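So the structure is just underneath, and the comments pick up after that.
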Amino acid sequence: MIVIEHAERFGLAQLHQLRGRVGRSDRPSSCLLLYAEPLTETAKARLKILRETEDGFRIAEEDLRLRGAGEVLGTRQSGLPETRVAELAAHADLLPVAQDDARLALERDPALRSPRGQALRVLLYLFQRDAAVRFLRSG
């Protein structure tokens, strides 16, 4: 048995990992989550999903929905990404398509000299410029 005090203070991934520390054999196991009222809506949602499932993929999806994706290319690990094109959770099915397209573009034009390659260079320049502006703003 594992008892986790102040479970409302932990993230979903942490709680799921801690819960996974027991029950690794054929013997029954339990995880007891203790929490203090009042709970925030986010804490209620985290504890609810843990009661409903042990499926790590479903827990990860809910964690993404609750916390936000953070920055794919940056250092921030939570919150809503500052994208202008897509919302990661809503457009997750487009990510593999974009990755395949990027791979294909680099296979066909590794130096990015074609007209499409030049357009990609401009986009990459703008993304790097955005990152530089964020660093300047942060100090």
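Worth a mention:
- Inter-probe distance in nm under a simple model that places probes 7 Å from Cα toward Cβ, at Tyr125 and Ile2: 5.1 nm
- Interchain or long-range residues, amide H under 5 Å from Gly20's placed H: none
Here, each number is a calculation from the coordinates, and none is a lab measurement. This is a predicted model, so every value here is computed, not measured. Note: ideal-geometry Cβ built from the backbone for every residue, glycine included; neighbour counts use all protein chains shown.
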